[in-house]
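Bear in mind these aren't lab numbers, they're just calculated from the coordinates by the rules spelled out. Source: prediction; values computed, not measured. Cβ placement follows ideal geometry from the backbone for every residue including glycine, while neighbour counts extend to all protein chains displayed.
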Amino acid sequence: MGPPVSIESASGAHKVRSRAGNIQPSRRGATSTVEDYLKCILVHQISAAEATNTLELSDEENRVGMGTLSTALGVAPGTVTAMMKALGESGLVHYAPYAGVRLTESGQRLATHVLRRHRLIELFLVKVMQLDWGEVHAEAELLEHAVSDRLIERMDEMLGFPRADPHGDPIPTSDGPIVEVPLPSLMECAVDEELKVVRVLDQTADFLRALEADGVVPGSMIRVVERDDGSLSAQVTPAREETAAPGEPRTVRLDAQCAQKVVVGPGG
């Protein structure tokens with residue numbers, strides 16, 4: 001078991017305390033540790049909704065398991081359980097032993113706020129700072145807890161109030177909602193139809209670089225030529241910056257596991 005953790009509310013701020021010492025709250029109230037846990041729960045709740053092609057899940061379906069959080073955050077299961085109990089006592093999650101956890105209304109509000117910051121920072125790092133889309137996730141994990149709300153809103157304005165981050169993930173609006181549109185993956189879409197790559201679900205650096213080498217990035221046009229249960233062949237017209245012509249079409253072959261992580265939408 002991890003060290004006992006409690007969350008205290010003082011002047012609207014959530015403070016995490018353990019035997020190892022205090023974690024100071026960020027300038028927005030919650031500690032970065034609390035924010036990371038809440039954001040992780042939200043992302044997995046969204047993934048579960050997308051997997052079932054519905055935006056409304058039952059309370060049971062909306063629960064995230066301790067093992068899932070432990071793996072995603074890279075911490076011991078006992079540490080996750082202790083934190084969930086503390087977050088439950090603070091009113092940020094509904095925690096049920098052996099059943100999992102889901103966000104309360106206030107927990108979802110804070111998690112969505114952090115997710116918005118993360119995805120806007122990722123896009124800013126790619127579009128303005130010219131960082132590789134495979135490396136911005138780690139940078140955004142740090143910056144999302146440090147920059148001010150004023151700076152985030154200025155980034156949003158500079159970027160033209162974007163709807164999606166560099167990987168195609170929807171950016172929550174400033175007042176909270178996440179606009180999700182269920183779309184098929186390359187393993188589910190129509191064959192021999194002009195489509196557009198809109199989202200990449202796996203954001204590990206090596207995976208993103210491999211897709212980029214094939215020209216399979218959000219904004220690229222793609223047509224599945226043939227497909228079976230194990231792989232597919234597709235013609236890709238790589239995306240380019242708005243001021244340049246699209247790249248030359250190329251034929252690529254993707255295995256099913258890879259293709260399942262590439263989401264496409266109408267090509268028009």
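Listed peptides 110-123, 249-262, 213-226 appear in the order 110-123, 213-226, 249-262 once ranked by packing, highest mean of other Cβ atoms within 10 Å at the front.
Shape analysis of the stretch 140-268 based on the Cα gyration tensor places the equivalent ellipsoid semi-axes at 29, 16, 14 Å, largest first.
Listed highest first by mean packing, meaning other Cβ atoms within 10 Å per residue, what order do 75-82, 181-188 come in? Can you show the working numbers first?
Working: 75-82: 16.8, 181-188: 15.2.
So the order, starting with the most tightly packed, is 75-82, 181-188.
Using a Förster distance of 45 angstrom, determine the FRET efficiency expected from the C-beta separation of Leu159 and Asp228, and round it to 0.05. Calculated transfer efficiency: 0.65.
Once the Cα-Cα distance is subtracted from the 0.36 nm per residue extended length, the Tyr98 to Asp206 segment shows a gain of 35.4 nm. Computed 3J(HN,Hα) for the stretch 83-91, one whole-Hz value per residue from the Karplus formula 6.51 cos²θ - 1.76 cosθ + 1.60 where θ = phi - 60°, is 5, 5, 4, 5, 5, x, 5, 8, x, glycine and proline marked x. Pairwise Cα distances in the stretch 63-156 exceed 17 Å in 59 percent of cases.
For Arg199, the residues 5 or more places off, or on other chains, whose built amide H falls under 5 Å of its own are Val263. Net charge within 14 Å of Pro97 by Cβ-Cβ distance, Lys/Arg positive one each and Asp/Glu negative one each, not counting Pro97 itself? Once positives and negatives cancel, what remains is +2.
Within the stretch 57-143, which chymotrypsin sites (Phe, Trp or Tyr not before Pro) sit in a loop by DSSP and count at most 10 neighbouring Cβ atoms inside 10 Å? Spell out each step's value before the answer.
Numbers: sites: Tyr95, Tyr98, Phe124, Trp133; in loops: Tyr98, Trp133.
The qualifying sites are Tyr98.
Taking every Cα-Cα distance in the stretch 195-266 and sorting them into 5 Å bins from zero, the calculated P(r) comes out as 4, 17, 29, 29, 15, 5, 1, 0 percent. Proximity of backbone amide H atoms, modeled 1.01 Å from N, is registered between Ala164 and Ile171 at under 5 Å, excluding neighbours fewer than 5 places apart on the same chain. Projected onto their three principal axes, the Cα atoms of the stretch 149-192 cover extents of 45, 19, 12 Å, largest first.
Using a cut-off of under 20 Å, list every residue of the stretch 252-268 whose amide N is near the label point 7 Å from the Cα of Glu180 along the Cα-to-beta-carbon line. In the stretch 252-268, the label zone of Glu180 (backbone N under 20 Å from the point 7 Å along Cα→Cβ) covers 260-266.
A full extension of the chain between Asp132 and Leu73 corresponds to an added length of 18.9 nm, given 0.36 nm per residue minus the alpha carbon distance.
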